[in-house]
Amino acid sequence: MKTFCHLIGKYFGIIAVVFLILGMTVPDSFKWVVGNIGGIPVLSTLLGVIMFGMGTTLNLRDFALVLKRPVDVFVGVCAQYLIMPSLAFLLAMAFNLDPALTAGVVLVGTCPGGTSSNVITFMSKGDLALSVTMTSVSTLLSPILTPLITYQLIGQKIAFDPLGMFWSIIQIVIIPICLGLAVKALLPKLAEQATDYLPAVSAIAISLIIAGVIAVSRDNIVKTSGIILLVVICHNCLGYLLGFILARITGMSWKKAIALSVEVGMQNSGLATGLAKTHFTSMPMATVPGAIFSAWHNISGALLAWIFVNFLNPKYAPAEEEESVSSQA
């Protein structure tokens, strides 16, 4: 079972694409994901499960880096909440997206980083500690910053309730993460055993969300003629690039720059999908950018890790380490 769960985690990007295709080809099989079962919203429950899993992987000492390296964390979190929301808004304007798609793209941009970024940073041989801390801090700030920035960008044109979004994030993100932290603190052995399985559970949950959202919006997606896919790809790849550039401009090392690049480019798009469904109910297409982003950023992240490990790291990382040693000598 552990091996099976490991394979699910390893090939999550492929699984996500498969579920996206299934949502397009057999939509009736997945529409239940965006409905209610026994009066309980399935999509929000799946997101809660994902966030609970994230909580069991965190530790209070993960936040110690905020005190040890406050400048790195501050730059990283600022990049997260400045670069991606700005890119989202500019791309929506440049491609003249309709209000529903604009809301969805902006929500992807204003959401915090996701746990996938930690995996990709590790695969890329970046600064994993910085990546985990950035994910944790940006997630804890999301109840305030996500509704606030979203309102600043589109609140004048597209009506929604920022306070309601704040409470949604508390319910979907903060409470499950706190429960996960509590389980890890009070039942450490159980939490340790769960880490073998929860990443796979989270991968399946995200894949179901992708399939469900695509299923209910299938006809409208076909009408977009691939524009939203192009916007998502630009948003993600420009996030990687600008995150890396900002890290280098601010004097970060190569490994830190990798972490910042990945953390900025990869978003908690599952959360964006859930928030879009809850707060833009009259705009079903608002859920689509998050679903497409969820599938795409895992593919691009794996490709980025391959490029770093096989081409960029061998050329630039050793040279930088030699330079650092020379300057200390």
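Nothing in this text is a laboratory measurement; each read-out follows from the coordinates by a stated rule. The structure presented is a predicted model; accordingly, all values stated were derived computationally and were not measured. Methodologically, a virtual Cβ is constructed for each residue, glycine included, from the backbone with ideal geometry; neighbour enumeration extends over all protein chains shown.
Tabulated results
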quantity	calculated
Whole-Å distance, taken between Cα centres, linking segment 196-229 and segment 277-319	14
Label selected from (i) 19.1, 67; (ii) 18.8, 55; (iii) 28.0, 108, the criterion being Rg and Dmax of the Cα atoms in Å as computed here	(i)
Segment ASP28-PHE122, length gained on full extension (0.36 nm per residue, minus Cα span)	30.1 nm
Relative exposure of ARG69, ARG61, judged by other C-beta atoms within 10 Å (fewest first)	ARG61, ARG69
Length gained when the stretch LYS315-LYS223 is fully extended (0.36 nm per residue, less Cα-Cα span)	28.7 nm
Summed side-chain charge close to THR150 - residues other than THR150 whose Cβ falls under 12 Å, Lys, Arg +1, Asp, Glu -1	0
Helix-derived mean residue ellipticity, 222 nm - over the chain, DSSP H n ≥ 4, -39500 (n - 2.57), to 500	-24500 deg cm²/dmol
Residues LYS255, LYS125, LYS2, sorted so that the one with the fewest Cβ neighbours within 10 Å comes first	LYS2, LYS125, LYS255
Alpha-carbon centroids, segment 55-121 and segment 27-49: separation in whole Å	25
Hz values of 3J(HN,Hα) by residue in segment 198-208 - Karplus curve (6.51, -1.76, 1.60), Gly and Pro given as x	4, x, 5, 4, 5, 4, 5, 4, 5, 5, 5
Order of HIS235, HIS297, HIS279, HIS6 under a 10 Å beta carbon neighbour criterion, fewest first	HIS6, HIS279, HIS235, HIS297
Pairwise label distance in nanometres, LEU230 with LYS10, each label 7 Å out on the Cα-Cβ vector	3.7
Listed residue pairs exceeding 29 Å between alpha carbons, taken from LYS157/LYS223; LYS189/LYS256; LYS68/LYS125	LYS189/LYS256
Cα-based convex hull, segment 184-226, per residue volume (Å³, whole number)	85
